[in-house]
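The values are calculated or read from the model by the stated rules, or taken from the named source; none is laboratory data. The structure presented is a predicted model; accordingly, all values stated were derived computationally and were not measured. So basically every Cβ, Gly included, is an ideal-geometry build from the backbone, and we count neighbours across all protein chains shown. Ligands, DNA and RNA are excluded from the accessible area calculation, which covers all protein heavy atoms including side chains. Shrake-Rupley method; radii C 1.70, N 1.55, O 1.52, S 1.80 Å.
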Amino acid sequence: MTTLLDLPAIYQFPPLFTRQPNQSIRNKQIETWINIILTNCERRKIWTITKQGNMKIIDPETQQVTTINIFHNTSIDRFCSPIFINEIWQAMQKQGQLLNRDGKDVNMLINDDGHGDEEFFILWKSLELWANDILDWFERTTQLNKVVTFYEIVSSEDNVNESFYSMPESLLYQILKILVKRGRATMLKEDSKYVAIKVI
């Protein structure tokens, strides 16, 4: 796990995985977990994480995909309880760092005691900041007043060095809606699905 993730020394500290009874200590504990999650998602471009804490990581050398549970440290045999994990998700949701993937209410999924393992989008930037980045790209690359597909934005080899490269198109759609609300864009449909955008 340590070869695929950037983990601080505290990740090897067993109490990190145990929900602390003191509220102020637990708040700092949750803050540490959020930093671990956001740091790794940004550096590895991990866009989704499941409710249980599973995320898929691509090895940059072999390109193999490995699923890792961030809340389970196998080297010290410690894992977070579902109650504690839900508290972490709730804190991230309040800070705008967690977005439900399929449109359901995030709080309903967090508090659902079912056995499903729904996926969330992890936002190491707010939707507003992502919208600013994409608007800046349209302006820098002289794409204003042109129809550009979602696929071109996130999958074109020309954009491999952009922060939004490899972003799931369903997340991109949520971001582009902000540009539409600002009056800067119009989205275009194909077969009842939005597939492109024109930014002015």
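Look at the Cα gyration tensor of region 43-100: its axes a ≥ b ≥ c give a/c of at least 1.5 with a/b at or below b/c, and that counts as oblate.
Accessible surface computed residue by residue for region 19-108, with neighbouring protein chains in place and a 1.4 Å probe, gives 57 Å² per residue. Mean-square fluctuations from a GNM of the chain, with a 10 angstrom spring cutoff on Cα atoms, peak among Ile25, Ile34, Ile70 at Ile25.
Protein-only accessible surface at a 1.4 angstrom probe places the residues Thr18, Thr141 in the order Thr18, Thr141, largest first.
Projecting the Cα atoms of Asn100, Phe150, Thr18 onto the dipole axis of region 14-167, where Lys and Arg carry +1 and Asp and Glu carry -1 at the beta carbon, places Thr18 farthest toward the positive end.
Remark: the chain carries a charge dipole of roughly 560 debye about the Cα centre, counting +1 on each Lys and Arg Cβ and -1 on each Asp and Glu Cβ.
For the chain, a Gaussian network of Cα nodes joined below 10 Å ranks Ile83, Ile175, Ile46 by mean-square fluctuation, and the top entry is Ile83.
Taking all protein chains as shown and a probe of 1.4 angstrom, Lys45 keeps an accessible surface of around 60 Å². With all protein chains in place and a 1.4 Å probe, the accessible surface of the chain carries 49 percent carbon and sulfur.
This structure gives Rg/Rh (Cα atoms, Kirkwood Rh), computed directly, and of [x] 0.97; [y] 1.13; [z] 1.01 that value is listed as [z]. Computed over region 5-84, the quotient of the alpha carbon radius of gyration and 2.2 N^0.38 Å is 1.13. For the chain, a Gaussian network of Cα nodes joined below 10 Å ranks Gln93, Gln20, Gln63 by mean-square fluctuation, and the top entry is Gln63. Full extension of the segment from Gln143 to Ser156, taken as 0.36 nm per residue of separation minus the current Cα-Cα distance, would add 3.3 nm.
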